[in-house]
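Peer 1: Got a structure here, written out as structure tokens. Questions coming.
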Amino acid sequence: MNKRILLAAAAALALPLPALAQTDVAALRDAALKDDLAWEITEGLTTEIGQRLAATEAEARARDWSVKKLTSLGFRNVRIETFKMPVWVRGEEKAEVLGGSAQKLVVGALGNSGSTGPKGVEGEIAYFPTFADLQAAPAGSLKGKIAFISHAMTATQDGSQYGPSGGARRMGPSIAASKGAIAVLIRSIGTDYHRNPHTGGTSWAKDQKPIAAAALPLPDAEQLERLLKRGPVRMKLTITPEFKGDGESGNVIAEVPGSDPAAGIVLVACHLDSWDLATGAIDDASGCGIVTAAAKRVMDAGQPRRTIRILWAGAEEPGVFGGRAYFEAHKNESHALAAESDFGADRIWRVDFKLPSSAMAMGDRIVSALAPLGITRGQQPAGGGADVAAVIDAGSAGIDLQQSGLRYFDYHHTPDDTLDKVDPVQLRQNVAAWTATVAIVANAPEEIGRVEKAKP
Ligand SMILES: [Zn+2]
């Protein structure tokens, strides 16, 4: 379409022309395929700070690093918004099979695990092949036993097994404790055969006293299953993490001020904290690199219509404390749209939307701009990542740029989540997709209103 026809079409629809034409978006997208900033941020954060466990001194150093970085890149209103949260730190971790096949297994405590005390606990293993088997166990049937939940997970492109398989980690320990278990082992919620435990948060029912809860790497979980086929197994576990009371975490925020404050904020997020076993390169330093590099490219192309707000959330891993604090602090502001990058840095292959009817055409423009990157439109409603889910649930529009999950759960929450797992070529494809998306949303001439609640 030439410019005259475009002008006529815009006039006929009584719409202002898009501040950025699709050709400009395409140029921004293609330039982003040579991006170095996302890598620079990912490399810097993982190298200079290292692991960034929520509400620890390391996470505080990461916030200071972030403020310096975001300020030096030219973003405005760079600030830290602190909040309080309970602090949990890892202790000693030992797992031993007792008796005729005495041997050590590798184990790693789950976040929010209770402690066995320094002397450890001993008990017979009560084996549950799946999470549902544990749920079906009668009340009181685990008295004095160590529950072992061996729920398997398969790698998929959309990562969809993490939701259902993750129940064994998120809820299994509390359920086992309520039935009398003295400790819990789970098969790691992961897909690799390295001897790396996959940690991750577990949560306790309101009146449930935490017991020790830890993950076995897949080779160790399968070793234990083979031993159980031969007869009853007794184990000794020494797991001594500590709850340290309330500490401070915080969100880091930076902005590209828009020309039209009434048009709503475009919120792009990642999380700054990581688990403590590694440097959190794919979870989620790379996410911060991706959204920030995209926002910087859109900023450098000229002032956008909408304010772009970057959120590097604190304390996502132990229970989305940063996302909740952000929502509480900013729920009365108008968010036009929210999106988060928190699934590694592998190639984006699908885009999902949650848009009001007023912005459907904007969705179509995004689909067109992403097509040359090998990204197609999905049929799932966008939910955002954990840190922006509350904003989207409250009625804002959302976009999910879905990354391939085929490798993600080989490294997720393990000692192997390190910089070498980030592929610079795929990282740049992410930046290109986010740049095109943010450019279109931030400059869209149409209003992006509240999304009507879906009817059941
Ligand atoms: Zn994450």
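The values are calculated or read from the model by the stated rules, or taken from the named source; none is laboratory data. Note that this is a predicted model, so its numbers are computed, not measured. Quick reminder, even Gly has a Cβ in these numbers, built from the backbone with ideal geometry, and neighbours come from all protein chains shown. All accessible areas refer to the heavy atoms of the entire protein, side chains included, with ligands and DNA or RNA removed. Shrake-Rupley method; radii C 1.70, N 1.55, O 1.52, S 1.80 Å.
Peer 1: Which of the aspartates and glutamates could a cross-linker span from Lys209 if the Cα-Cα distance has to be under 16 Å and same-chain partners fewer than 8 positions apart are dropped?
Peer 2: By straight Cα distance, Lys209 reaches Glu242.
Peer 1: Turning to a different aspect of this structure: Go through region 312-321 residue by residue and turn each phi into a ³J(HN,Hα) via Karplus (6.51, -1.76, 1.60, θ = phi - 60°); whole Hz please, and just put x for glycine and proline.
Peer 2: 9, 6, x, 6, 6, 4, x, x, 6, 5
Peer 1: Related question: Placing unit charges on C-beta atoms (Lys and Arg positive, Asp and Glu negative, everything else neutral), compute the dipole magnitude of region 91-240 about its Cα centre in debye, rounded to 20.
Peer 2: 360 debye
Peer 1: Taking R0 as 25 Å, what FRET efficiency do you get between Arg226 and Thr156 from their Cβ-Cβ distance, rounded to the nearest 0.05?
Peer 2: That pair, Arg226 with Thr156, gives E of 0.40.
Peer 1: Whole angstrom only: what separates the Cα centroid of region 403-425 from the Cα centroid of region 271-340?
Peer 2: 19 Å
Peer 1: Count the DSSP beta bridges whose two residues both fall in the chain, then state the antiparallel fraction as a percent rounded to the nearest 5.
Peer 2: 55 percent
Peer 1: Step through the residues of region 192-208 one at a time and calculate ³J(HN,Hα) from phi using the Karplus curve (6.51 cos²θ - 1.76 cosθ + 1.60, θ = phi - 60°), rounding each to whole Hz and writing x for Gly and Pro.
Peer 2: Couplings: 9, 10, 8, 8, 10, x, 9, 7, x, x, 10, 10, 10, 4, 3, 9, 8 Hz.
Peer 1: While we're here: Given labels modelled 7 Å from the Cα in the Cβ direction, how far is it in nm from Lys331 to Tyr193?
Peer 2: Here the modelled spin labels are 4.8 nm apart.
Peer 1: Now for a separate question. Of all accessible surface on the chain at a 1.4 Å probe, what whole percent is carbon and sulfur?
Peer 2: 54 percent
Peer 1: For Lys206, which lysines qualify as cross-link partners when the Cα separation must be under 21 Å and same-chain residues fewer than eight apart are set aside?
Peer 2: Lys84, Lys143, Lys179, Lys244
Peer 1: Please tell me the relative contact order of the chain in percent, rounded to the nearest whole number, where contacts are Cα pairs under 8 Å and at least six residues apart.
Peer 2: The value is 23 percent.
Peer 1: Ignoring everything except DSSP H segments at least 4 long, calculate the 222 nm mean residue ellipticity for the chain; use -39,500 (n - 2.57) per segment, divide by total residues, nearest 500.
Peer 2: Roughly -9000 deg cm²/dmol at 222 nm, from the helical runs in the chain.
Peer 1: For the chain, with the dipole built from +1 on Lys and Arg beta-carbon atoms and -1 on Asp and Glu ones, taken about the Cα centre, which of Leu37, Ser396, Ala339 lies farthest toward the positive end?
Peer 2: After comparing all options, I get Ser396.
Peer 1: About its Cα centre, how strong a charge dipole does the chain have in debye, to the nearest 20, once Lys and Arg get +1 and Asp and Glu get -1 at the Cβ?
Peer 2: About 740 debye.
Peer 1: Using DSSP to call loops (not H, G, I, E or B), can you name the trypsin sites (Lys or Arg not before Pro) in region 258-344 whose Cβ has at most 15 other Cβ atoms within 10 angstrom?
Peer 2: Listed in order of number, the matching sites are Lys331.
Peer 1: With every protein chain present, what is the per residue accessible area of region 91-240 (1.4 Å probe, Å²)?
Peer 2: On a per-residue basis, region 91-240 sits at 42 Å².
Peer 1: Further, regarding this structure: Amide H of Arg377 versus every other amide H placed in the peptide plane: which residues, excluding those fewer than 5 positions away on the same chain, fall under 5 Å?
Peer 2: Here the answer is Val351, since their amide H atoms fall under 5 Å of that of Arg377.
Peer 1: Same structure, new question: Could you name the lysines whose alpha carbon sits less than 19 Å from that of Lys94, not counting residues in the same chain fewer than 8 places away?
Peer 2: Lys104, Lys119, Lys145, Lys236
Peer 1: Also, I was wondering about something else. Using only the C-alpha atoms of the chain, find the volume of their convex hull and express it per residue in Å³.
Peer 2: 140 Å³
Peer 1: Go from 0 up to the bin containing the longest alpha carbon distance in region 91-240, width 5 Å each, and give me the % of pairs per bin.
Peer 2: Pair shares across the bins are 2, 11, 21, 26, 23, 12, 5, 1, 0.
Peer 1: Another question about this same structure. Given contacts defined as C-alpha pairs under 8 Å and at least six residues apart, what's the relative contact order of region 91-240, whole-number percent?
Peer 2: The normalised contact order for region 91-240 reaches 38 percent.
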